[in-house]
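The structure under discussion appears below in the form of structure tokens.
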Amino acid sequence: MTATEQNASVCSGADTSLEDSVYRKVSWRLLPFLCILWVLAWLDRVNIGFAKLQMLDTLKFSEAVYGLGAGIFFLGYFFFEVPSNALLQKIGAKKTIMRITIGWGIICILQSFVTTPTQFYVLRFLLGAFEAGFYPGIILYLTYWYPSTRRARAFGTFMSASAIAGVLGGPLAGTIMTSMDGVGGHHGWQWLFVIEGVPSIAAGVVAFFYMTDRPEQAGWLSVSEKQVVQNILEQDKRALGERGHDWRTLFRNPKVWLLIAIFFCLLCANSALTFWIPTIIRDSGFGSTLVIGWIAAFAYVFGAAGMILNGAHSDRNKEVRWHFAIPAGCGALALAALAAMLGLPGVAPAFTMAAMVIALAGTMSAIPVFWQLPSLYLTGSAAAIGVALINSVSNLAGFGAPYVLGLVKTATGSLSPGLYLVAVIELLAAVLVILRIAHVRSPRNANR
């Protein structure tokens, strides 16, 4: 190695060390708070799955009513996600996140007053409408801070909060519903909505004062640190080359519709598991609400680990396709095994729970890696609207899957036929990525 090459190598190492140092600071500032917000959002979104264990008997709702109410949340998502992301790009993240978080907290509390199916449907729709824009908004927000080579890990850390919410949410819901049942003349499921809604309202106020919209506005970064972030983002933008800027071209872009199809298939499985895990656990032979909560928490520990580890491994190896396809495929096969075991008498609950854990971990591990794909094809306003469009249309799976499972459960008394269908759909997501998405390597890595 020549002296020039040695100097270049030393400089490159110094640059990388400085970049790592700055991004550790950025991550510690941004990600813990965003994770807290996502935990609160997830708790307020999915606590209905635990409330169901008491709520249906109290209000005399059928499984089909529950399935429609659980899923109608995503119709609110569908109609309001794109406008919310467009507004975020215009007015900034902190104002948008404050509005969203306070709104969903209020609606969560109002669910405690539900007495009829119509009220249930309306409030679930409004919960989705208020939360719409949070998830794609944070995805867009993180692209303002992280280059493509660091996003999968950042996405994985942020998204793992949904699994952490599962870890916390099960025992918390079980404890609230058991210990608070009858307090003040209210049912445990009513207290669940109130107690989990109040922190979201407080967090929305904090978001306005704590969040920073863009790197150049970060008073907690030095001038030189801001310059490091801006230089890295600019280099990344150049390395990725020309991508779609105009959001009006999204609707005729086949890549966008391919990404929608892939994520739709994955979310069919994720939504089915999210809203039916308490019922699956109960149908496997566990009757206590508190025990059901702790088993769900155990399953979500593996989901959280999978999201973080798979996202980090994808970044480290500069590979996306197989880091999506393998977990999604494993999740699909485990779902099919779960469906088979639920339909067989005499199967040990431990085997059923093992299949459920693998299905959840595989499905959740694929989610953060997926969000590497849109930024490879879109930038600027097209990225802002595109991320919201992909998420909003794909989340119609969150409406369809829980509703179909509710209809199947009401008609047959078993979830197995519905779970088989969901397994096939999830497997299709893995196949589409393998066959239709080109091999993806980091531009920065390719240029070395």
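The values are calculated or read from the model by the stated rules, or taken from the named source; none is laboratory data. Everything numeric in this text was worked out from a predicted model, so none of it was measured. Methodologically, a virtual Cβ is constructed for each residue, glycine included, from the backbone with ideal geometry; neighbour enumeration extends over all protein chains shown.
If you scan region 170-219, which residues turn out to be touching a helix residue (DSSP H, G or I) at 6+ places or on another chain (Cβ under 7 Å) and not in a helix (DSSP H, G or I)?
Met180, Asp181, His187, Met211, Asp213, Ala218
Can you pull out every residue in region 81-122 that is crowded, with 22+ Cβ neighbours inside 10 Å and either out of contact with any Ser or Thr (no Cβ under 7 Å at 6 or more places or on another chain) or β-branched (Val, Ile, Thr) (or both)?
Kept after step one, since they are crowded, with 22+ Cβ neighbours inside 10 Å, are these residues of region 81-122: 81-82, 84-85, 88, 96-97, 100-101, 104-105, 107-108, 111, 114, 120.
If the condition is that a residue be crowded, with 22+ Cβ neighbours inside 10 Å and either out of contact with any Ser or Thr (no Cβ under 7 Å at 6 or more places or on another chain) or β-branched (Val, Ile, Thr) (or both), then Val82, Asn85, Thr96, Ile97, Ile100, Thr101, Ile107, Gln111, Val114, Phe120 are the ones that fit.
Any idea how many residues of region 376-416 are more than 24 Å from Ala132 (Cα to Cα) and in a loop (DSSP other than H, G, I, E, B)?
Matching residues across region 376-416 total 3.
Of these, Ala359, Ala366, which one is over 26 Å from Pro147 (Cα atoms) and either part of a helix (DSSP H, G or I) or in contact with a strand residue (DSSP E or B) (Cβ under 9 Å, 6 or more places away or on another chain) (or both)?
Values: Ala366 fails: over 26 Å from Pro147 (Cα atoms).
When all the criteria are applied, what remains is Ala359.
Are any residues in region 83-97 within 17 Å of the chain's Cα centre (by Cα) and over 11 Å from Leu140 (Cβ atoms), and if so, which ones?
Ile97
Scan (1) within 26 Å of Arg99 (Cβ to Cβ); (2) surrounded by fewer than 20 Cβ atoms within 10 Å (Cβ to Cβ); (3) within 28 Å of the chain's Cα centre (by Cα) for the single condition Glu196 breaks and write down its number.
Evaluating Glu196 over (1) within 26 Å of Arg99 (Cβ to Cβ); (2) surrounded by fewer than 20 Cβ atoms within 10 Å (Cβ to Cβ); (3) within 28 Å of the chain's Cα centre (by Cα) leaves (2) as the failure.
Among the residues of region 287-302, count how many are at pLDDT below 90 and either in contact with a Pro (Cβ under 8 Å, 6 or more places away or on another chain) or within 30 Å of Ser148 (Cβ to Cβ) (or both).
The total comes to 1.
Could you check region 320-347 and list, in sequence order, the residues that are of a type in the set (Val, Ile, Thr), surrounded by fewer than 22 Cβ atoms within 10 Å (Cβ to Cβ) and within 16 Å of Leu309 (Cα to Cα)? So that I can check it myself, show each step before the final result.
At the first step, the residues of region 320-347 found to be of a type in the set (Val, Ile, Thr) are 320, 326, 347.
This time we only want the ones that are surrounded by fewer than 22 Cβ atoms within 10 Å (Cβ to Cβ), so: 326, 347.
Ile326 - this is the single residue of region 320-347 that is of a type in the set (Val, Ile, Thr), surrounded by fewer than 22 Cβ atoms within 10 Å (Cβ to Cβ) and within 16 Å of Leu309 (Cα to Cα).
Residue under question is Gly188, and the condition is that it be touching an Asp or Glu at 6+ places or on another chain (Cβ under 6 Å), surrounded by 14 or more Cβ atoms within 10 Å (Cβ to Cβ) and of a type outside the set (S, T, N, Q); does it hold?
On the way: touching an Asp or Glu at 6+ places or on another chain (Cβ under 6 Å): yes; surrounded by 14 or more Cβ atoms within 10 Å (Cβ to Cβ): yes; of a type outside the set (S, T, N, Q): yes.
Spelling it out, Gly188 is indeed touching an Asp or Glu at 6+ places or on another chain (Cβ under 6 Å), surrounded by 14 or more Cβ atoms within 10 Å (Cβ to Cβ) and of a type outside the set (S, T, N, Q).
So is Ile195 in contact with a Leu (Cβ under 9 Å, 6 or more places away or on another chain), of a type in the set (Val, Ile, Thr) and farther than 30 Å from Ala430 by Cβ or not? Spell out how you get there, then give the answer.
On the way: in contact with a Leu (Cβ under 9 Å, 6 or more places away or on another chain): yes; of a type in the set (Val, Ile, Thr): yes; farther than 30 Å from Ala430 by Cβ: yes.
Considered against the rule, which asks whether it is in contact with a Leu (Cβ under 9 Å, 6 or more places away or on another chain), of a type in the set (Val, Ile, Thr) and farther than 30 Å from Ala430 by Cβ, Ile195 comes out as yes.
Examine region 380-395 for a residue that is within 30 Å of Met177 (Cα to Cα) and touching a Gly at 6+ places or on another chain (Cβ under 9 Å), and state whether such a residue exists. Steps first, answer last, please.
At the first step, the residues of region 380-395 found to be within 30 Å of Met177 (Cα to Cα) are 395.
This time we only want the ones that are touching a Gly at 6+ places or on another chain (Cβ under 9 Å), so: 395.
Yes, there is a match, as at least one residue in region 380-395 is within 30 Å of Met177 (Cα to Cα) and touching a Gly at 6+ places or on another chain (Cβ under 9 Å).
On the basis of being within 20 Å of Phe125 (Cβ to Cβ), modelled with pLDDT of 85 or more, over 19 Å from the mean Cα position of the chain (by Cα) and of a type in the set (A, V, I, L, M), does Leu75 make the cut?
Working: within 20 Å of Phe125 (Cβ to Cβ): yes; modelled with pLDDT of 85 or more: yes; over 19 Å from the mean Cα position of the chain (by Cα): no; of a type in the set (A, V, I, L, M): yes.
Here the answer is no, as Leu75 does not meet what is asked.
Check Gly362 against each of (1) out of contact with any helix residue (DSSP H, G or I) (no Cβ under 7 Å at 6 or more places or on another chain); (2) within 30 Å of Arg316 (Cβ to Cβ) and name the one condition it does not meet.
Gly362 satisfies every listed condition except (1).
Name, by its number, the condition in (1) at pLDDT 90 or above; (2) closer than 19 Å to Ala340 by Cα; (3) not aliphatic (A, V, I, L, M) that does not hold for Asn310.
All conditions are met except number (2).
Residues Phe286, Phe275, Phe208: which one is touching a residue at least 24 places away in the same chain (Cβ under 8 Å), surrounded by fewer than 21 Cβ atoms within 10 Å (Cβ to Cβ) and within 24 Å of Ile358 (Cβ to Cβ)? Please lay out each step first, then the result.
On the way: Phe275 fails: surrounded by fewer than 21 Cβ atoms within 10 Å (Cβ to Cβ); Phe208 fails: within 24 Å of Ile358 (Cβ to Cβ).
From the options Phe286, Phe275, Phe208, the qualifying one is Phe286.
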